[in-house]
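A quick write-up on the structure given underneath.
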Amino acid sequence: MNKTVNPNELKPADDVGPLYAARKKVYPQSVSGTFRRIKWGLMAFCLGVYYFLPFVRWNRGLGAPSQAVLIDLPNSRFYFFFIELWPQEVYYFTGLLIVAAVALFLMNSVGGRIWCGYLCPQTVWTDLFYAVERLIEGDRRERMKKDASSDPMKLERISEIVLKHSIWLLIAWWTGGAWVLYFNDAPTLVKELVTFQAPMIAYIWIGILTATTYLLAGFMREQVCTYMCPWPRIQAALTDEWALNVTYRYDRGEKRTSVKKAAELRALGQQVGDCVDCYQCVAVCPTGIDIRNGPQMECIQCGLCIDACDNVMTKIGRPKRLIGYDNDINIHRRQEGKAPIYRIVRARTIVYSAIIAAVGGIMSYTLATRSLLDVNVLHDRNPVAVKLSDGSIRNAYTVRLLNKSGYDRVIAIDASGPVNSTVHVVGVDSVTPDRPMIVIPRDATSELRLLVTAPADNNPEKSIPVHFHVTDIGLGVVASATDNFVSP
Amino acid sequence: MTDHSSDIDSVSGKSTTGHEWDGIKELNTPLPRWWVITFYLTILWSIGYWIVYPAWPLIQSNTTGLFGYSSRADVAVELANLEKIRGDKMAALGTASLADIQKDPALLALARAKGKTVFGDNCAPCHGTGATGSKGYPNLNDDEWLWGGSLDQIMHTIQFGVRSGHAKTHEGQMLAFGKDGVLKSDEIVTVANYVRSLAGLPTRNGYDAAKGQKIFAENCAACHGDAGKGNQEMGAPDLTDKIWLYGSDEASLIETIAQGRAGVMPAWEGRLDPATIKAMAVYVHSLGGGK
C-alpha cells in the first residue's frame, strides 16, 4: 500500500462510499482441545464465583452482617471476609485498581490478550450464550442454513428460537439477580425477591442487568470488543515484539496446499507449507476473522483457532501448533534457520511485576497494621477562642472517634496543650475530671464536643499545638491527633 | 425557490438542495417522518398540560388545572412526611428532661444538631452564627450569664425572653442615673472609676475611692450587690469579672450609668414548639459556658 497516489487521478468512486459497514453475523463452530478446556474451566470458575459468592457466610459476631462479601451502602461499609472497610479507607480500592491495571499490562506483555480471550465478562457470557445457541439450534452449518432459509417458519423452528431466548433471558436474569445480592444479605433478599417484598431498586437493577447481559452477550457479542471497548486500542501501546500472541506461523504454513497436492509437490522436491487451507480456524473464530492474515485488532486471542488447527494437523499426521502462541521474532528466526527464543523475563515484565509486588505489598502491610481506633479533631472556627469571666481562655474542638472494631471500647482522652490547661467533654461527667473517660460503641463513630481551658496567668502568646491522645483503657491502643490552641 | 429535484448526487443517488460550497453539495435529506410526527404529538401533549396543570395567568389568579395541583401543596405534604419520619426522635426529645437529654449521647447529638439549625435561623441575627454576640448582645460561649447558665435557667430565658412583654419574662433594668437626674456628672465619673477598680482595672488620677464606694453602696449595690458580684435574679451583671457586655472603658461605663441599659430578647414560647426550645437550650448550654 505504499504506492503514491495522485489525488487528481482519483475517481469519485475511489474515495466515497458508505462509512457504515453492516455486521456480518458470526457462526462459530464448536471445537475441542486444550484451549477450549481451559476456557470451559475458567468460565465455570468465574461464573461460579460470581453467582455463588454472595451465599458464602462469614461469622462476624452478633449484630454484624454474616455475609462474606457485602457492599453495605446504607451503613457505608464494605465487608470482604476478614476485612471491613469504612468509606474513608476507599484508597484500598485505588490500590486494588492499580494492581488490576498493571496485572492487565503484565498479562499483555507475557501472553497478549489473555484477559480478552479468557477472563473478560463479555467473552465469558458471550461464550456461554453461544454454547446455549449451539445446543438448541445446532452447530455452525445448521445455524447458517436455518438463518438463511426463506421458507415460512415451522413450529419446530419457532419453538427453537423461543427456547433459546428463554434460556438466554434466564441466564441474564440470574446474572442481574446475583449482582444485587452483593448489596444486601443474600438469603434474605432472595426470599424477599421471590415473595415480591424486595425494594423496588433491587428489581430495577435486576432489570437493567438482565437487559444488558441479554443484549451484550446475545446480540452485540464481538462488536463490543471491536467497536465499544477501549482496551484493544490501549493495549496496542503496551505490547512489544517479545509478547506472545496467537499467531499463524506462516514460516511453516505457506504455501497453502491441499494434502494431496502437497504430497505430489513434495515428492518432486518442492517447498510447500503445512496449511491445507481448510478454513477450520476461521469457522471456530468467535469474532469471524482469519488469523492467517496476521495480528488483527478484532482478534481476542481466545486460542480456539489453535485447537481447530491442531485437530486438523493431528488428523493429517503433521505436527501441531501451526497456529500457536508465538511472535514475529521467532518466525523470522526460524526462517533464517535459527532456534526460536522465548523471553518471558525481560525489563517490561520485571517492572510490571515489581509494581504489582510493591503496591500489593504496601496495601497488605497497611491493611494488616491499620488501627481500628482513630480520632479526628476539628477546631471550632466561630469562635476560635472564648474569654471567660476570670480571664482564662477556652478553645472548643469537635472530636470524632472512630471505633472500627467489633466491640465497645472504654477510652480516655488526654490533651497536652497550654500549661495547666483543663479538658472537659460536654455531656460527660467523668470520675477523672482531667482525663475524661468515655464508652464508644463498636463499629461506629462518636462525635464529642471537647473544651480545653488555659488559666488566665498562663495564656499562651499565640497559637500553640495541642496533642490529643485517645487511649483504649483495656487494650492500651492509642490514637492521636494534633490541633492548635489559639488565644484571641 | 428553484426546483433542484433534478440535481441528483451521483454517489448517494439522492437529490440535493442545490447549495454548493467548494464543490461540496448539500444533500436534501428531509426530517424522518417519525420525527415530524413525534414533534406534532409533543405539541398536542402540551395542550394536555394546559388542561391538567395550572397554566394560564388570569387577572386575579390563574387557571388551576383539572386536579387542582399546586407545588405548594406538594411542599406541605413533604414537610408533613418529614415530621413523620422525625416523629419518634423528636417526641423523645419532647418528653425527656433536660438533664436526661444531656446524659444520653444520642439525644444530646440530636438536640445539638437541631439546636444549631434553629439557632442559625432565629438567634444568629443578634447573637451571631457562632453565638459570640457583640456589644449589647451577650456572648453565649462564655461562663458569664445575666440570667443564669443552668439548663433550666437558659431554657426559661429562651421561653420567655428578656423584657419581652411576656407575663413570665425577665424584668429589671439598669436605670438611667444621669438622664433621670439621680447622679450628677462628677458623681457618675467617680462611680464609673470605682466600678473599674472593682474589676481590677486602672482608675483615673485623683479619683476619690471612698466617695465612689459610697455612691455605689447607695445606688448600685441594691442590684449589683455590695461587692459588685451581680445578681442573676435581676439580670444585674457581675462587675468584678473580665466580661463586659457594653464595654469596660470609662466612657462606656459613664454612658451605661448615665443612660441606663435595657436590652430586649423576644420570648420564643409559642413561636417554637417545646421540643425545639429544649433542643436550643441544650445547644446553648453545650457551647461551653453552661453551668
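Bear in mind these aren't lab numbers, they're just calculated from the coordinates by the rules spelled out. The structure presented is a predicted model; accordingly, all values stated were derived computationally and were not measured. Here the Cβ is made from the backbone with ideal geometry for all residues, glycine too, and neighbour counts use every protein chain on show.
A few comments on the model shown:
- Where chymotrypsin sites (Phe, Trp or Tyr not before Pro) fall in DSSP loop in segment B:175-215, at most 11 other Cβ within 10 Å: none
- Under the Debye formula (equal points on every Cα, no solvent term), log10 I(q)/I(0) of segment B:146-291 at q = 0.16, 0.17 Å⁻¹: -0.87, -0.94
- Coordinate range along principal axes, alpha carbons of the protein assembly as shown, Å, largest first: 141, 76, 64
- Each residue of segment A:254-264 is assigned a 3J(HN,Hα), and the resulting list reads 8, 6, 6, 8, 5, 4, 5, 4, 4, 4, 4 Hz, derived from the Karplus form 6.51 cos²θ - 1.76 cosθ + 1.60 (θ = phi - 60°), x at Gly and Pro.
- Computed from backbone phi, the HN-Hα couplings of segment B:256-269 come to 4, 5, 6, 9, x, 9, 7, x, 10, 10, x, 7, 9, 5 Hz, rounded to whole numbers (Karplus: 6.51 cos²θ - 1.76 cosθ + 1.60, θ = phi - 60°; Gly and Pro given as x).
- Cα-based radius of gyration for segment A:291-426, normalised by 2.2 N^0.38 Å, reads 2.39.
- Residues whose amide H falls under 5 Å from that of A:G112, counting only those 5 or more places apart or on a different chain, are A:L244, with hydrogens built in the peptide plane.
- Whole-Å distance, taken between Cα centres, linking segment A:204-221 and segment A:125-149: 19 Å
- By the Cα gyration tensor, segment B:126-183 has an equivalent ellipsoid whose semi-axes, rounded to whole angstrom, run 24, 17, 11 from largest to smallest.
- With Rh defined as the Kirkwood radius, the inverse of the mean 1/r over Cα pairs, the Rg/Rh of segment A:125-228 is 1.08.
- Here the alpha carbons of segment A:228-375 define both size measures, Rg and Dmax, at 21.7, 87 Å.
- Calculated Rg and Dmax of segment A:329-382 using C-alpha coordinates, Å: 24.9, 83
- P(r) histogram, all alpha-carbon pairs of segment B:220-291 included - 5 Å bins from 0, percent: 3, 12, 15, 21, 17, 12, 12, 6, 1
- Of interest is the spacing of the C-alpha centroids, which for segment A:27-76 and segment A:255-286 amounts to 44 Å.
- Taken one residue at a time, the phi angles of segment B:114-122 give Karplus couplings (6.51, -1.76, 1.60, θ = phi - 60°) of 4, x, 4, 5, 5, 4, x, 6, 10 Hz. Gly and Pro are set to x.
- From the largest down, segment A:417-469 spans 40, 22, 15 angstrom on the principal axes of its Cα atoms.
- The convex hull drawn around the Cα atoms of chain B, when projected onto a plane and averaged over every direction, covers 34.0 nm².
- For a 4.7 Å threshold on C-beta separation, the list of partnerless cysteines in chain A reads A:C46, A:C116, A:C120, A:C225, A:C229, A:C275, A:C278, A:C285, A:C299, A:C302, A:C309.
- Calculated mean residue ellipticity, 222 nm, chain B: -14000 deg cm²/dmol, from DSSP H runs (n ≥ 4) at -39500 (n - 2.57) each, averaged per residue and rounded to 500.
- Longest exposed-site-free window of chain A, the sites being GluC sites (Glu not before Pro) in a DSSP loop that have at most 13 other C-beta atoms within 10 Å: A:1-240
- Placed amide H near B:A55: partners under 5 Å, 5+ positions off or other chain: B:T63, B:G65
- Dipole axis of chain A (+1 Lys, Arg; -1 Asp, Glu on Cβ), positive-most option in A:W231, A:M220, A:F35: A:F35
- Spatially, segment B:212-291 and segment A:389-454 are offset by 30 Å when compared through their Cα centroids.
- Net charge dipole size for the protein assembly as shown [Lys, Arg +1 and Asp, Glu -1 on Cβ; Debye, nearest 20]: 3520 debye
- Qualifying aspartates and glutamates (Cα of each under 15 Å from Cα of A:K260; at least 8 residues distant if same chain): A:D274, A:D277
- In plain terms, the bigger the Kirkwood radius, the slower the diffusion; for segment B:23-133, with that radius from Cα pairs, at 37 °C and 0.692 mPa s, Stokes-Einstein puts D at 161 µm²/s.
- For segment B:150-213, the mean projected area of the C-alpha convex hull, equal to one quarter of the hull surface, is 6.7 nm².
- Where the Cα pairs of segment B:48-200 fall when distances are cut into 5 Å bins, in %: 2, 7, 8, 12, 12, 11, 10, 8, 7, 7, 6, 4, 2, 2, 2, 1, 0
- Alpha-carbon spread of segment A:345-488, three principal axes, descending order, Å: 75, 35, 24
- Eligible aspartates and glutamates near B:K278 by straight Cα distance, threshold 15 Å, same-chain separation 8 or greater: B:D100, B:D104, B:D152, B:E269
- Radius of gyration, Dmax [segment A:258-301; alpha carbons; angstrom]: 14.0, 40
- Violating pairs (Cα-Cα greater than 27 angstrom) within the set B:K179/B:K211; A:K404/B:K84; A:K404/B:K103; B:K135/B:K179: A:K404/B:K84
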